[in-house]
Amino acid sequence: MIVGLPKEIKNNENRVALTPGGVTELVKNGHTVYVQASAGNGSGFSDEEYKTAGATILPTIEEVYSIAEMIVKVKEPIESEYKLIKENQLVFTYFHFASHEPLTKAMVQSKAVCLAYETVEKKDRSLPLLVPMSEVAGRMAIQKGANYLEKPLGGRGILLGGVAGVAPAKVLVLGGGIVGTEAAKMAAGLGADVTIMDISLPRLRYLSDILPANVKTVMSNSYNIAQAIKSSNLIVGAVLIPGAKAPHLITREMLKDMQPGTVLVDVAVDQGGCIETCKPTTHENPTFVIDGVVHYCVANMPGAVPYTSTLALTNATLPYVIKLANQGWLQACQNDEELRKGLNVINGQIVYKPVADAFNMSFTPVENYL
């Protein structure tokens, strides 16, 4: 198969979908890989390294899309890429369709095959291609939140871990999945007073067992959230419904109950956000303030640490990329239920129900194609 690796062009997105090591494995399996010039520079991988791995370097993004049967990316295509995607071309990346109607309609119109990292799902319902970036984003949420709590950046002026004789900051984490767990670990490690909420009692029991003593577990419901936000200094939104829009757990009205200088970090923003006032921002302009509350809503947080992120992502995606290249998307998805659940759009039809439901668009069961 001919595999194309374009350079990411989303604002300050420095990751690349495959390392030179990943290219080596594809070439060993008999595939041809075309890499756009400088695609790996942001992650610390040179064109020369990709050449040594067996790839051919192409100067433009148009040439990569034109020649490739499968495009492997990190982030969803942006508007300037829509016209480059061809009928029957397989595009394997993070799409997050349910939060972006123009992208959904463009991919339907392209008649490409869109296989989304975020909905590839194992039998135990875990999401193997979300895990590495969720780990990075969860840890970064605390790094960034601690930073924006500083007064010059709009925060309340609180040191996350406090000092002797001064209480630490209060951190509220909404969601006990991978992002929430990593955020709670990071905040606890810095000495914060941490509360993590989830709707699953078994999950809360598990978190209570594994997390440090300065992390409290609380059942997530409207009342408990409304009470907790009043005294929290840093609030991390870490809620995920696979492939669907995140629910709003914090409304605009609730901002008035927060202390001035409270910091909100909504990691779910690429799925619509679980905080009503959050809208996607960029690493270039990461924050905005509403009612005295600082909002950090960067939709590609791991893009700020591209070397770590690219290695972590390739570790997770490469076995699936090789399977798709070796067998073709149809055979691979027939043989592998995990990959099958990643199919969102096939040749002009939405085949993942939460995406169709998000925009009241027509839905075709994926089985019709397999």
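The values are calculated or read from the model by the stated rules, or taken from the named source; none is laboratory data. Note that the structure is predicted; figures quoted are calculated from it, not measured. Neighbour counts are summed over all protein chains in view; Cβ atoms, including those assigned to glycine, are modelled from backbone coordinates with ideal geometry. The protein model used for the area step is the full one, side chains on, heavy atoms only, and it has no ligands, DNA or RNA in it. Shrake-Rupley method; radii C 1.70, N 1.55, O 1.52, S 1.80 Å.
If each of Thr60 and Val27 carries a label point 7 Å out from its Cα toward its Cβ, how far apart are those two points in nm?
So the label points at Thr60 and Val27 sit 2.6 nm apart.
Over the chain, what is the percentage of antiparallel beta bridges among all DSSP beta bridges, to the nearest 5?
20 percent
About the Cα centre of the chain, how large is the charge dipole given +1 on each Lys and Arg Cβ and -1 on each Asp and Glu Cβ? Please answer in debye to the nearest 20.
620 debye
What FRET efficiency would be calculated for the residue pair Ser200, Gln109, taking the C-beta separation as r and a Förster radius of 41 Å, to the nearest 0.05?
For R0 = 41 Å, the calculated efficiency reads 0.60.
With an 8 Å cut-off on Cα pairs and a minimum separation of 6 or more residues, tell me the relative contact order of the range 40-145 in percent.
Across the range 40-145, relative contact order equals 17 percent.
Would you mind working out the accessible area per residue for the chain, using a 1.4 Å probe, and quoting it in Å²?
Accessible area per residue, the chain: 41 Å².
Among Gly138, Gly303, Gly189, which one moves the most in a GNM of the chain with springs linking Cα atoms closer than 10 Å?
Looking only at Gly138, Gly303, Gly189, the largest GNM fluctuation is found for Gly189.
For the range 34-177, build the charge dipole from Cβ charges (+1 Lys, Arg; -1 Asp, Glu) around the Cα centre, then report which of Ile67, Ser126, Leu90 sits farthest towards its positive end.
Ser126
May I ask you to list the chymotrypsin sites (Phe, Trp or Tyr not before Pro) in the range 277-370 that are in a DSSP loop and have at most 16 other Cβ atoms within 10 Å of their Cβ?
Hits after loop and neighbour filter: Phe359.
Over what distance in Å are the Cα centres of the range 1-44 and the range 275-311 separated?
So the separation of the two Cα centres works out to 25 Å.
Given the Cα-Cα distance of Asp357 and Thr251 and 0.36 nm per residue of separation, how much length would full extension add, in nm?
Length difference between fully extended and current span is 35.9 nm.
Could you give the nm distance between label points at Val166 and Lys123, where each point is 7 Å from its Cα heading toward the beta carbon?
With each label point 7 Å from Cα toward Cβ, the separation is 5.4 nm.
Restricting attention to the range 53-122, which GluC sites (Glu not before Pro) occupy a DSSP loop and are surrounded by at most 16 other Cβ atoms within 10 Å?
Glu87
Relative to the longest principal axis of the C-alpha atoms of the chain, give the angle of the C-alpha long axis of helix 178-189, reported between 0 and 90° and rounded to the nearest 10°.
40 degrees
Taking all protein chains in place and a 1.4 Å probe, what share, in percent, of the accessible surface of the range 116-189 do carbon and sulfur account for?
Its accessible area is 54 percent carbon and sulfur atoms.
Between Asn315 and Ala226, what's the calculated FRET efficiency when r is the beta-carbon distance and R0 is 41 Å? Round to 0.05.
0.55
On the protein heavy atoms, probe 1.4 angstrom, tell me the percent of accessible surface of the range 226-283 carried by carbon and sulfur.
With neighbouring chains kept in place, the figure for the range 226-283 is 57 percent.
Out of all DSSP beta bridges with both ends in the range 197-339, state the antiparallel percent to the nearest 5.
25 percent
When DSSP beta bridges are limited to those with both residues in the range 158-276, what percentage is antiparallel, rounded to the nearest 5?
Bridges in the range 158-276 that DSSP calls antiparallel: roughly 5 percent.
Thr52 to Ile2: FRET efficiency via 1/(1 + (r/R0)^6), r the Cβ-Cβ distance, R0 30 Å, to the nearest 0.05?
0.95
Counting Lys +1, Arg +1, Asp -1, Glu -1, what net charge surrounds Leu58 among other residues with beta carbon under 12 Å of its beta carbon?
Every neighbour counted, the sum reads -1.
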